Amino acid sequence: ESVDVGQPFHNKGNLREIDFAGNVGYAASSQDGIRIIDVSDPEDMSEIGLWSNGASIHNLSVENDILYAFGINPIFYILDVSDPANPQELSQFRVDNRILHYYIEDGYIFLFIRDEGLFIFDATDPHQPTPVSTIEGDRILFRVYGDDLFVNDNDYHNRHIIHHYNIEDRSNPRLIESIPVFSEYENTWSYLTSFHVEDEFVYFIRHLTYSFRLEYYEYSEFVIVNIADSDNPQVVSETNIGDHGMASEYIFTLVDFQNHIAFISSNGLLKAYSTWNREWPRHVVSFEGVNRFESMSILNNYIFVSDYNELLSFDSAGLLSAPYAPPPPLPTAISLSAYPNPFNASVTVSFDLPRSMPVSLQVFDLSGRLVETLVENTEYSGKQSIVWNTRDIVSGVYMLRLETTEGNTKFQRVTLVK
């Protein structure tokens, strides 16, 4: 399924992040600063103002008529937008390196500064923001939920761990626990690209690179982990959401999470996955018309997407208020199929598994020579699909072999015609 776009707001200023105060939208522009847009009618938006002092703005957030913004240059701006059409700069400060991640809550600014760490600034007086504490790390991802701060430091030693801090006293973050949320596979290197914590569950995207026969392949997974027992976290599901082959052209990112809907972007596109059944996350909708995704925000059941040169609006009340829908039943037996067959260039290989189990999927020629391994001891359940891109492989008849650790084997003959 897809969600259709409303009448877009066009702009030549390269729109980046967006946020809202009432029916006013603020869009960061890498060329023009901050564009101010009337979104009272989401399907007929219009510009009502512009703030620019020559700054290239990529990120912004609005809270209580105060707007916080920054760009590639390490300067952070704080503006008064109580009069939306006439923003007034209250203060600015410079940091030592590029800001990679940020969050604003209750007048406090959380900044991850490259090669420096996570800094917390007290900006309750927006005229004079003051740094109050620091958490060291050079590859930090973090999420703030009131007095709880969750930090994942993607270095080579503890990238498997999310650290939980109490930040009731912002000047003294106190480590409560460190939660191991996933483990490595053999010959695989992986890292988190984004995560969300809710109701004692961690939802995250991890990007994996694995080696096979001196070649490197990449793919992404949407993983849900139950952390109710932080000493013994349980992986609830691991959903393959993208195979990148030998060259990674894009990274999957969890950009928002609302009403059990995970919004995931990749390669400039935007998709939504339902997590009502955490054991069976499923892709429920793609956002038609999104081609160069930059950011999204939700207002009054409308999803607004910054698509670089456009601001798009989607009426998604049905999606955001959708009740739980049970997943399709698991298949009762193992099966293997391919479509189309014969095929040219690529073929979709599908297989059904009655329960979760590690499987291998390989391609052989008729002499019995191994041509390519599509899946190697990866655990799946239910219906799965893998695309085999033949690239430099010559025309001919090939045999697909699906093998499980339980000793079950299925074969499928396919014909490549170029």
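Among the numbered criteria (1) assigned to a strand (DSSP E or B); (2) within 21 Å of the chain's Cα centre (by Cα), which one does Asp138 miss?
Condition not satisfied by Asp138: (1).
Taking Ile224 as the residue in question, decide whether it is within 20 Å of Leu141 (Cβ to Cβ), within 15 Å of the chain's Cα centre (by Cα) and either among the hydroxyl-bearing types (Ser, Thr, Tyr) or at pLDDT below 85 (or both).
For Ile224, the condition - within 20 Å of Leu141 (Cβ to Cβ), within 15 Å of the chain's Cα centre (by Cα) and either among the hydroxyl-bearing types (Ser, Thr, Tyr) or at pLDDT below 85 (or both) - is not met.
For Tyr339, indicate whether it is open to solvent by 40 Å² or more (accessible area, probe 1.4 Å), aromatic (Phe, Trp, Tyr) and either free of Cβ contacts under 8 Å to residues at least 12 places away in the same chain or closer than 24 Å to Asn277 by Cβ (or both). Show your work before the answer.
On the way: open to solvent by 40 Å² or more (accessible area, probe 1.4 Å): yes; aromatic (Phe, Trp, Tyr): yes; either free of Cβ contacts under 8 Å to residues at least 12 places away in the same chain or closer than 24 Å to Asn277 by Cβ (or both): yes.
Against the criterion (open to solvent by 40 Å² or more (accessible area, probe 1.4 Å), aromatic (Phe, Trp, Tyr) and either free of Cβ contacts under 8 Å to residues at least 12 places away in the same chain or closer than 24 Å to Asn277 by Cβ (or both)), Tyr339 qualifies.
Just for the stretch 227-251: of the residues that are modelled with pLDDT under 80 and of a type in the set (D, E, K, R), which one is most open to solvent (accessible area, probe 1.4 Å)?
For the stretch 227-251, the residue satisfying everything is Glu249.
Could you please give the count of residues in the stretch 367-388 that are exposed (fewer than 14 other Cβ atoms within 10 Å of the Cβ), of a type in the set (A, V, I, L, M, F, W, C) and modelled with pLDDT under 90?
So the answer is 1.
Farther than 28 Å from Asp125 by Cβ, open to solvent by less than 60 Å² (accessible area, probe 1.4 Å), of a type outside the set (Lys, Arg) and modelled with pLDDT under 90: which single residue out of Asp44, Asp32 fits that description? Before the answer, list the steps.
Values: Asp44 fails: open to solvent by less than 60 Å² (accessible area, probe 1.4 Å).
Every option except Asp32 fails the conditions.
Can we say Gly368 is on the phi > 0 side of the Ramachandran plot and over 33 Å from the mean Cα position of the chain (by Cα)?
yes
The values are calculated or read from the model by the stated rules, or taken from the named source; none is laboratory data. Keep in mind it's a predicted model, so treat the numbers as computed, not measured. All Cβ positions, glycine included, derive from the backbone under ideal geometry; neighbour counts span all protein chains shown. Each accessible area value is taken on the protein alone, full model and side chains, heavy atoms only, with ligands, DNA and RNA left out. Shrake-Rupley method; radii C 1.70, N 1.55, O 1.52, S 1.80 Å.
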